[in-house]
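Written out below as structure tokens is the structure these notes cover.
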Amino acid sequence: MAKRSRPFWLWPAVTVLILALAWWQLPAQFGVRPVYLWTDRLIFLLLAGALFLGGWIRRREHLRQPWVEVFRQRRAMVALVVLLAFVITGLLDSVHYRKPLPMVDGQQGVQYSVEVVTLLDELLGTLREGTEKTYSAPFAMTQLARETVTLPDGTQSRIRPRLRHGGAHLTDPSQRGRDILASGLAGAAIGVGLTMLVWLLLGAILSRRWQTSWRAALTRIVHGRTEVPWRAILVTAGSLLVLMAMTALWSRHWHVFGTDKVGEDVLYLAIKSIRTGLVIGTLTTLVMLPFAILLGIMAGYFRGWVDDIIQYLYTTLSSIPGVLLIAAAVLSIQVYIANHPDLFETATDRADLRLLALCVILGITSWTNLCRLLRGETFKLREMDYIQAATAFGVGHFTILGRHVLPNVLHIVLIIVVLDFSGLVLAEAVLSYVGVGVDPSTISWGNMINGARLELAREPVVWWSLAAAFVFMFALVLSANLFADAVRDAFDPRLREQSP
Amino acid sequence: MSGDDILLRVRDLRVQFGQGPQAVRAVDGVDFAIRRGETFALLGESGCGKSMSALALLQLVPRPAGRITSGEVWFDGQDLLALSEQQMRQVRGHRISMIFQEPMTSLNPVMTVGEQIGEVLEQHLGLPRRARRDRTIELLTDVGIPAPARRIDDYPHQLSGGMKQRVMIAMALAGEPDLLIADEPTTALDVTIQAQVLELLAKIQRDTGMAILLITHDLGIVAETVDHVAVMYAGQIVEAASRRELFASPLHPYTRKLFAAVPDRRKRGRKLETISGNVPPLNRRFTGCRFAERCDEAWLRCREQAPAWTERETDGETHGVRCLRYQPGIEAPRVVSRPGSETGSGETKPASASTLLTVRDLKVHFPIRKGLFKRVVGHVYAVDGVDLQIADGRTLALVGESGCGKTTAGKAILRLIAPTAGEVIYDGQDLARLPADELRRLRARLQIIFQDPFASMNPRMMVGNIVEEGMRAQGIGRTAEERRQRVAQLLEQVGLPPEAARRYPHEFSGGQRQRICIARALAVEPRLIVCDEPTSALDVSVQAQTLNLLKDLQDRFGLGYLFITHNISVVAYLAHDVAVMYLGRIVEQGPVDAILDDPRHPYTRALLSAVPSLDENGREIIRLEGELPSPINPPPGCHFHPRCPDAMPVCAERYPDPVTLPDGRVVKCHLVGD
Ligand code: SF4
Ligand code: SF4
């Protein structure tokens, strides 16, 4: 056993510093102008917080043990892999910058485009740029609606014109099926190859930890004889890689999920929506946590008039219908934004502020639940002998709160945060649908679904926007729920006591 | 034993939790037999598998974690383990019933008493509705519930603990069973109530001729009520004999140690016998004797050969034991008697030690608030005028039944609960009125040890930090290094290795935790420690260790103890002075010998007589009627008069004044003095 071990925050601190430096300095190296949106900064803060929390948890046996249990559950790990894919996409989409415009003669200094792009946009290049005129179906070569065009011989005819981008490389429309199959197969092959690479890499890493040969580690993974279900993780990651590679190859020439009313690729929209969903699901928690924790444990610990006030506060808040409160707040913010256009440099800035405002409002309406739970738990804890013992030593109130109460309610906080996440993602969709959600210019699943209202009434039906939003949201919410279940099982002491 | 008077015969019963090599074998080959109409006790400390054996008889082992892996349970010509769940339901509650330790959790809170008993009557006897009610009232009368016709429509929360246990017994009797399994039936009850319940069980047994399987850890109860005893240790029965035989000549080293570990008066001034170490974990295979690691009489062979069950005949009675020393054909080395355990410190310090703490007329009244505006509608007179004096280096025991306010008084002295009135004078200062920051400094002088060693430590902190907490709050030890050394030293003083500082509380057993709590209290160098039932959650052998430690610390550091307890044998062993509390007031107070030899207050007499003891058989129990009245409406006059066997008319009118007797004790009773 090491005599004086390193402080738990050492590695998190180093990682966070490196990240911050990169975020701050790298854009200049590439000649672009960084844009730090408010949500970006908060996401960075959240990331840093998560890193520190992770470091701290590793040192606390009672918190580490449940996580170890989570990591041993196959279902939880499969969900986690999917979640991670979403999170990485969201993070890439949170690095905003403006590109320089081409130099004009005699220009002083560099001018930057008003359009704010992200790292993700860079990766999705063709998806973003390959826009059409209007609706087109998935894998279509022609537009959905007929148009009157003048043929070379002067006659007019109503036909479905070929798309600018979708299938434009084919001259012979009958080649469509073969091309799709060919690029699909090629994508699958690339995906499988990548998976093998991951497997070899994993084997190399794990063989060092297990102190076995590389080959032995590889077979152990394949046979599933590992504590952490690496095989399941690998299979999930592999399926995701195959899927992504196939989609990537297809979308070089096709619109996998079709295009929307203004001809934008629906797949692109669905991917861009990920960030919005994640921001709502996580930042809301960040906003509400300090309130809920502080007020909850204070009410439970001090009782008396402190408790009365806090209880009054949250019963009042939770008896107003949430949607009403949110609608009122969002509308007034909308008015504020409309009246102060000078405050925002770009449209992205404006949309971002509204997103943040939505998080804050959702946070304010959703902290009461956690607060109530914490109050009840603290009530019980307060009577515990160890808190009385601390009082008998003359330990101060806030030290007791920090040292004895908070660590003993932390598991509740964790459970609630994870459980609330998927609910919040869904809430965004519903609110945007009702019209009090994010800014209409923000790409989000809610807005996509909102648009689908009219599309479903068209003839022929435009179903792909809704389908894309549904598939992505379903994947995120399902994996978040599966993961949350595992976390709750591992942390809920009531479930644990039953096994001797 | 032979013949058909055997009601229940258990052969090679095994219960296992979990699978594979890590499986916990909670019951590992248990054999015993119960005759019709007799009381049979399974005696053992916590975790020995006694309750699990009883549950297994009824196929009630919690599934799916646990299962019965082998065995036969012959009950009246039937093998119960071969029955299906359906058939078993006919046996449970009808042929064999069970009562549990916790009457609070074994009654359904949303059904009336009558409904719950009626349910059993309907299911097993098929009585029609009217007859059910009549029979229920009969049963309630049998178990001694006053006004049963009224009580029948009460809900469990309207009954006191003792009443609930009576209702449980009535429920168990409803099916007219041949065998009643009583799992620690009186552990949650006070001694006077315990005496009532035990007497009730004996009476029912006489009337109905049913057999009782009593599961208990309390040697005193066994000594009083039982015909046959089997002692369990680590999943096996290690000794079985008739009660007389076992108490007269216990054979197994473990049994003998158990007897020796019980504190009592004759052991005053000596160290109690203890059993070192802990019960071995049951998730491994044993090659030798399970007790070998803790046995003083073990020799090499004990670790290699598992002792077989050996039976001896004495006066026509069988006495079985599982120990190599008694196994025929084995030559055991002679026991080297260990010196040292006999010689304790000298007897009590001179009585004229200086006064450490004086409590005068201490009162704690909790307001009862009702309604929208939380108006005060009454008070709970939890502590209602208590006077105490504790001297340096001496132990004052505060004795009473639960609900008498003794714990509240202890906490109010330390101002963990705000006292309503009165003075607590330490070192010339009145603690009850001291401003918060001055009190905070004084807290180092006065410490407390709690009853439940599992609840008194923050499970999220390492032991080192727990012990250190008081030092940090009080500014003892300037550097972290200094404090760490002091923690190590403290842990050593209470008999724990210094490495314990880096571990978490859950890694320790109950007794070890209690020692950590003692170390934590010692860390701030207190003069007085309030010990709030520090041993009542511990097994006898562990209790002995804790008492030895407390006594030792007192001798070394001259600590004063306020020892709050309901356990009279601990008082007899440890205390110098005794104060008996009844309903918020002290009714008798004085030197321990005077009070135990010649109690003057009727309540003290009843309390002392209710304590089961190991040796006297012919003692007469003064039966107390009813239970402790509510401290919200104490009876007028002497609080004890509704239950007092000697009550006089004047008792209901006036609270008796304290009378000081020549031997220095103070009694509050009209009988005394006037
Ligand atoms: S067999 Fe040996 S170790 Fe076991 S109780 Fe007998 S003497 Fe002690
Ligand atoms: S005062 Fe009367 S009622 Fe009270 S204890 Fe004495 S004799 Fe009994």
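Observations, loosely collected:
- Database remark: amide H of A:HIS96 closer than 5 angstrom to the amide H of A:VAL35, A:LEU37 (H placed geometrically; neighbours at sequence offset of 5 or more, or on other chains; Pro and chain starts carry no H).
- Label-to-label distance, nm, for residues given as A:SER441 and B:ARG605 (7 Å Cα→Cβ offset): 9.6
- Angle in degrees between helix A:266-302 and the longest Cα principal axis of chain A, rounded to the nearest 10: 10
- The trypsin sites (Lys or Arg not before Pro) of the range A:286-384 meeting both criteria, a DSSP state outside H, G, I, E and B (loop) and at most 16 other C-beta atoms within 10 angstrom of the site's C-beta, are A:ARG303.
- Stokes-Einstein D (µm²/s) once Rh is taken as the Kirkwood radius of chain B over alpha-carbon pairs, at 20 °C in 1.002 mPa s: 79
- Ordering of B:492-500, B:546-554 by burial proxy (mean other Cβ atoms within 10 Å per residue, highest first): B:546-554, B:492-500
- Under 5 Å, built H, 5+ apart or other chain: amide partners of B:LEU213: B:PHE40, B:LEU180, B:ILE181, B:ALA182
- Between the range A:132-169 and the range A:263-280, the alpha-carbon center distance in angstrom: 26
- For chain B, the relative contact order is 12 percent, taking Cα pairs closer than 8 Å that sit 6 or more residues apart in sequence and dividing their mean separation by the residue count.
- Report summary: the helix-based calculation at 222 nm, which adds -39500 (n - 2.57) for every DSSP H run with n ≥ 4 and divides by the residues of chain B, gives -8500 deg cm²/dmol.
- Whether the range B:177-259 is rounded, prolate or oblate, judged on the alpha carbon gyration tensor where a/c under 1.5 counts as rounded: prolate
- Each other residue within a Cβ distance under 14 Å of A:VAL477 adds +1 if Lys or Arg and -1 if Asp or Glu, for a net charge of -3.
- For the residues of A:391-401, the average number of beta carbons from a partner chain within 10 Å of their own beta carbon is 6.
- Shape category assigned to the range A:371-500 from the gyration tensor of Cα positions, a/c cut at 1.5: prolate
- Helix A:176-210 axis, angle to chain A major axis (alpha carbon atoms, nearest 10°): 30
- Charge dipole (the range B:346-436, unit charges on Cβ, about Cα centre) - positive-most of B:GLY400, B:ALA418, B:ILE368: B:ILE368
- Degrees separating the helix A:74-92 axis from the principal Cα axis of chain A, which is the longest one: 60
- Taking Lys and Arg as +1 and Asp and Glu as -1, the other residues whose beta-carbon sits under 12 Å from that of A:ASN369 total +1.
- Each principal axis of the Cα atoms in chain A has its own extent, and those three values, largest first, are 100, 66, 54 angstrom.
- Rounded, prolate or oblate (a/c below 1.5 giving rounded, otherwise prolate when a/b exceeds b/c) for the range B:558-674 by Cα gyration tensor: prolate
- Highest-first packing order for the peptide set B:366-372, B:184-190, B:229-235 is B:229-235, B:184-190, B:366-372, based on the mean count of other beta carbon atoms within 10 Å.
- Look at where the Cα atoms of the range A:45-92 and of the range A:218-247 average out, and the two centres are 18 Å apart.
- Fraction of antiparallel bridges per DSSP, the protein assembly as shown only, in percent to nearest 5: 65
- When DSSP beta bridges are restricted to pairs lying wholly in chain B, around 60% turn out antiparallel.
- Take the Kirkwood radius over Cα pairs of the range A:1-85, plug it into Stokes-Einstein at 10 °C and 1.306 mPa s, and you get 102 µm²/s for translational diffusion.
- Relative contact order for the range A:389-500, counting Cα pairs under 8 Å that sit 6 or more residues apart, in percent: 25
- The range B:508-564 and the range B:402-474 have their alpha-carbon centroids 15 Å apart.
- Nearby lysines by direct alpha-carbon distance to B:LYS257 (threshold 25 angstrom, same-chain neighbours under 8 apart not counted): B:LYS50, B:LYS267, B:LYS271, B:LYS551
- Sites listed here are GluC sites (Glu not before Pro) in the range A:362-455 whose DSSP assignment is loop and whose Cβ has at most 15 other Cβ atoms within 10 Å: A:GLU383.
- Shielding by partners for peptide B:447-459, expressed as the average number of C-beta atoms from other protein chains within 10 Å of each residue's C-beta, is 5.
- Number of partner chain Cβ atoms within 10 Å, mean per residue of B:468-475: 4
- Farthest toward positive dipole pole in the range A:287-401 [+1 Lys/Arg, -1 Asp/Glu at C-beta], among A:ILE293, A:GLY304, A:ALA357: A:GLY304
- Net +/- balance of residues flanking B:ARG133 in space, Cβ distance below 12 Å, scoring K and R +1, D and E -1: -1
- The range A:297-435, relative contact order [Cα under 8 Å, separation at least 6], %: 32
- Stokes-Einstein D in µm²/s, Kirkwood radius over Cα pairs - the range A:272-417 at 4 °C with 1.567 mPa s viscosity: 75
- Label-point gap, in nm, between B:SER160 and A:ARG453 - each point 7 angstrom along Cα→Cβ: 6.8
- When every Cα-Cα distance of the protein assembly as shown is counted in 10 angstrom steps from zero, the calculated P(r) takes the values 2, 7, 13, 17, 17, 14, 11, 8, 6, 3, 1, 0, 0, 0 percent.
- Peptide packing for B:466-476, A:232-242 was compared via the average number of neighbouring C-beta atoms within 10 Å per residue; ordered from the highest value, the list is B:466-476, A:232-242.
- Share of Cα-Cα pairs in the range A:78-176 lying beyond 15 Å, as whole percent: 76
- Each helix, a run of at least 4 DSSP H residues, gives -39500 (n - 2.57); summed and divided by the residues of chain A, these come to -23000 deg cm²/dmol at 222 nm.
- Where trypsin sites (Lys or Arg not before Pro) fall in DSSP loop in the range B:284-332, at most 12 other Cβ within 10 Å: B:ARG284, B:ARG285
None of the figures in this text is laboratory data; all of them are computed from the coordinates on show. Computed from a predicted model, the values in this text were never measured in an experiment. Reconstructed Cβ throughout: ideal geometry from the backbone, glycine too, with neighbour counts over all protein chains shown.
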